1. Quick check on GLY53: is it open to solvent by less than 40 Å² (accessible area, probe 1.4 Å) and assigned to a loop (DSSP other than H, G, I, E, B)?
2. Looking for something of a type in the set (Asp, Glu) and either free of Cβ contacts under 8 Å to residues at least 40 places away in the same chain or part of a helix (DSSP H, G or I) (or both) - is there at least one such residue anywhere in region 75-94?
3. Scan region 1-27 residue by residue and report those that are open to solvent by 100 Å² or more (accessible area, probe 1.4 Å) and touching a residue at least 40 places away in the same chain (Cβ under 8 Å).
4. Can you go through THR30, THR64 and tell me which one is modelled with pLDDT of 95 or more and surrounded by 11 or more Cβ atoms within 10 Å (Cβ to Cβ)?
5. Which condition number in (1) over 22 Å from ASP109 (Cα atoms); (2) modelled with pLDDT of 95 or more; (3) out of contact with any Gly (no Cβ under 6 Å at 6 or more places or on another chain) is the one that TRP298 fails?
6. How many residues, within region 106-153, are in a loop (DSSP other than H, G, I, E, B), under 16 Å from ASP184 (Cα atoms) and either of a type in the set (Phe, Trp, Tyr) or open to solvent by 30 Å² or more (accessible area, probe 1.4 Å) (or both)?
7. For region 66-102, name all the residues that are over 17 Å from the mean Cα position of the chain (by Cα), away from the ligand (no atom under 16 Å from the Cβ) and closer than 18 Å to ALA235 by Cβ.
8. Kindly list, by first and then second residue, each pair from a residue in region 176-198 that is in contact (Cβ under 8 Å) with a residue 12 or more places away in the chain and more than 20 Å from PHE5 (Cβ to Cβ) to a residue that is more than 15 Å from the ligand (Cβ to nearest atom) and assigned to a strand (DSSP E or B), limited to pairs with Cβ atoms under 6 Å and residues at least 6 apart or on different chains.
Amino acid sequence: MVKSFKTFLKHTAKDFHNQSVNPPVVRASTIIFKSMKHIRKTQKKAQKNPIGGHYDYGRQGTSTTYILQKILTKLEDSYHVFTTPTGFGSVFLAIFSVVRPGDEIIAADPVYSPTRVLTQDFLREFNIKTIFYNPHDLKTLERSITKKTKLIFFENPGSNTFDFQDLGKIVSIAKKYKILTAIDNTWGTPYYLKPIKLGFDMSIVSATKYYSGHSDVMGGSLAVNKKVFQKVKAAEKITGLRLGPDDAYLITRGLRTLDVRLDRHRENAKKIAAFLSKNKKIKLLYPFKKNSLNFRMWKKYYSGASGLMGLKIKSNNINSVRKFVNSLKLFGYGYSWGGFESLVLHQEFRETGNRKFMNLAKDEHLVRFHIGLEDPNDLIADIKQALRHLK
Ligand SMILES: Cc1ncc(COP(=O)(O)O)c(C=O)c1O
């Protein structure tokens with residue numbers, strides 16, 4: 001009956017038992033049973049149907065987390081979705097589930113910098129090697145494959161440089177060599193891109209961003225296909241990486257308006273992109289200019305674009321770039337994104353990490369905008385006044 005996901009999000013998870021439009025927040029460490037017989041019955045059900053929401057201890061979740069998982073599983077078109085206390089928890093869970101000492105990972109050069117530290121430095125201590133590839137030259141990916149390669153991990157688009165890759169090609173390379181795949185889909189969310197349907201094994205979203213949408217909660221989701229489900233389930237159990245019910249409730253509340261907010265982020269970002277694209281000092285890192293490779297790769301797979309974009313600014317005067325950023329009045333300066341409000345970040349080395357394929361010249365500087373839900377005319381006026389400082 002309900003065909004559109006927009007309608008599903010508004011009507012799902014009503015609680016007729018408590019006569020509430022929204023589900024209750026069920027907080028529990030002990031899941032209480034009337035007798036031993038009842039706990040055994042639940043455990044049997046859980047064994048038979050591990051995705052059915054049968055719990056015997058609070059660390060496994062409560063009905064509040066289960067409702068969120070069910071909504072996300074539908075949105076992702078996946079076999080199951082695991083929810084974690086942060087987005088980075090989902091990144092870790094995906095990798096930890098399938099990689100073991102002696103294995104190798106192939107990761108895209110522009111991954112989120114903590115993901116780079118985890119793979120390049122931390123996992124090395126466990127005899128797990130990571131090789132980084134150029135997101136615009138998938139031959140560098142294929143050439144890096146060895147008998148030890150277990151996982152291809154990347155983010156689309158790339159962190160801060162917003163490189164869009166040929167997703168179909170990555171899936172076919174992975175299938176050819178029987179390698180597992182994980183994509184960080186926080187930028188597009190499954191509202192604009194459904195990676196499990198495209199053939200990826202795991203798909204991560206930081207729920208901290210657009211899912212919650214109000215900059216007041218952290219969380220992560222890891223969607224999986226049937227092939228990797230048991231491995232992730234076992235790793236989830238042993239790491240205890242599970243989202244708490246209060247955060248699950250807030251993320252479920254945010255999801256009600258995911259489509260409305262993302263449509264508006266997209267509209268606003270398009271207007272800002274049109275304005276910025278006229279400035280000769282700025283190269284837009286956003287799928288806007290139709291003839292670019294990034295635009296073609298975005299168009300091929302995505303049904304929309306979110307509000308996060310990069311600006312590659314050409315200037316010999318770094319202080320004027322800093323002044324431009326500091327003069328913005330409606331763009332708060334801070335990490336994270338995906339909330340209702342606009343944000344800006346001047347990307348120093350700390351944020352871009354030790355990349356192999358970035359090729360940023362000395363007179364090029366990266367600035368990141370998150371375009372919020374304000375009136376776009378106000379945002380453009382703000383950017384215009386701040387741009388006067390750019391030399
Ligand atoms: C692309 C991407 N993935 C994962 C994360 C990690 O999410 P969280 O901050 O919820 O741990 C971030 C955070 O900024 C991110 O930008």
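1. Numbers: open to solvent by less than 40 Å² (accessible area, probe 1.4 Å): yes; assigned to a loop (DSSP other than H, G, I, E, B): yes.
So GLY53 fits the description; yes.
2. Yes, region 75-94 contains a residue that is of a type in the set (Asp, Glu) and either free of Cβ contacts under 8 Å to residues at least 40 places away in the same chain or part of a helix (DSSP H, G or I) (or both).
3. Hit for region 1-27 is ARG27, nothing else.
4. THR64
5. All conditions pass for TRP298, except number (1).
6. Going through region 106-153 one residue at a time, the tally reaches 1.
7. Across region 66-102, the qualifying residues are TYR79, SER97, VAL98, VAL99, ARG100, PRO101, GLY102.
8. Final answer for the pair search is ILE179/THR149; ILE179/ILE152; LEU180/LEU151; THR181/ILE152.
The values are calculated or read from the model by the stated rules, or taken from the named source; none is laboratory data. None of the values given here were measured: they were computed from a predicted structure. In this analysis, Cβ positions are derived from the backbone assuming ideal geometry, glycine residues included, and neighbour counts consider all displayed protein chains. For accessibility, only protein heavy atoms count, side chains too; no ligands or nucleic acids. Shrake-Rupley method; radii C 1.70, N 1.55, O 1.52, S 1.80 Å.
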